Each structure stands twice: as C-alpha cells, then as structure tokens.
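The values are calculated or read from the model by the stated rules, or taken from the named source; none is laboratory data. Predicted, not measured: the structure shown is a model, and the values here were computed from it. Note that we place each Cβ from the backbone using ideal geometry, even for glycine, and neighbour counts take in every protein chain shown. Ligands, DNA and RNA are stripped out before the accessible areas are found, and what is left, the full protein with its side chains, is counted by its heavy atoms. Shrake-Rupley method; radii C 1.70, N 1.55, O 1.52, S 1.80 Å.
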Amino acid sequence: MFARKGVAGSLIGGNEATQEVLDLCGKHNIFPVCETILADKIDWVYEQLNNTNTNPEGKRYVLDIQASIKAGMVPK
C-alpha cells in the first residue's frame with residue numbers, strides 16, 4: 001500500500017441485480033475460488049491479478065486485516 005497502489009470497483013447493476021445473481025449462484029451451488037491472505041502477500045496478489053496466465057480461474061483474494069495486525073504486519 002505504501003507503493004501508492006489502488007483498488008477500484010464498479011457500481012453497475014445495483015443491489016437488486018446483485019441479489020439476483022447471488023440467489024442464482026446459491027441455487028446452482030456456484031461459488032468463487034477464494035484465498036485468504038495476510039498483508040505481507042499483497043504485492044504477490046497484485047502480480048497474480050495482473051497476469052492472467054497465473055490466475056486463469058479468476059481466483060479472488062481476501063485480505064485478513066485482523067490476522068495481519070496480530071502478526072505485526074499492519075500498525076494498529
């Protein structure tokens with residue numbers, strides 16, 4: 001984060017459309033491939049997301065901030 005990198009999102013679809021997709025996924029047991037990471041792996045995650053050859057399944061990464069703080073990787 002100190003390298004001035006950013007994360008962006010989109011508001012396309014709204015709450016109703018998002019809920020419709022979530023309901024459809026739940027009905028058909030469609031779940032994302034996720035990996036929970038600590039703050040020390042954030043640069044590695046950016047590399048994975050920027051290189052489609054290393055992330056062909058579209059894996060999602062979740063940053064565990066609480067565990068990162070407990071491990072001393074993020075100031076309180």
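Just the residues that are charged (D, E, K, R) and part of a loop (DSSP other than H, G, I, E, B), please, taken from segment 1-32. So that I can check it myself, show each step before the final result.
So the first thing to find is which residues in segment 1-32 are charged (D, E, K, R), and the list is 4-5, 16, 20, 23, 27.
4, 5 - these are the residues of segment 1-32 that are charged (D, E, K, R) and part of a loop (DSSP other than H, G, I, E, B).
Within segment 6-28, identify whether any single residue is open to solvent by 70 Å² or more (accessible area, probe 1.4 Å) and under 17 Å from residue 55 (Cβ atoms), and answer yes or no.
yes
Could you grab me the full set of residues in segment 49-76 that are β-branched (Val, Ile, Thr), within 19 Å of residue 6 (Cβ to Cβ), touching a helix residue (DSSP H, G or I) at 6+ places or on another chain (Cβ under 8 Å) and outside any helix (DSSP H, G or I)?
First, pick out the residues of segment 49-76 that are β-branched (Val, Ile, Thr): 52, 54, 62, 65, 69, 74.
Filter once more, keeping what is within 19 Å of residue 6 (Cβ to Cβ): 62, 65, 74.
Imposing the further condition that a residue be touching a helix residue (DSSP H, G or I) at 6+ places or on another chain (Cβ under 8 Å) reduces the set to 65, 74.
Hit for segment 49-76 is 74, nothing else.
Has segment 17-40 got any residue that is over 18 Å from the mean Cα position of the chain (by Cα) and basic (Lys, Arg)?
Yes, there is a match, as at least one residue in segment 17-40 is over 18 Å from the mean Cα position of the chain (by Cα) and basic (Lys, Arg).
Any chance segment 33-48 includes a residue that's part of a loop (DSSP other than H, G, I, E, B) and open to solvent by 90 Å² or more (accessible area, probe 1.4 Å)?
No.
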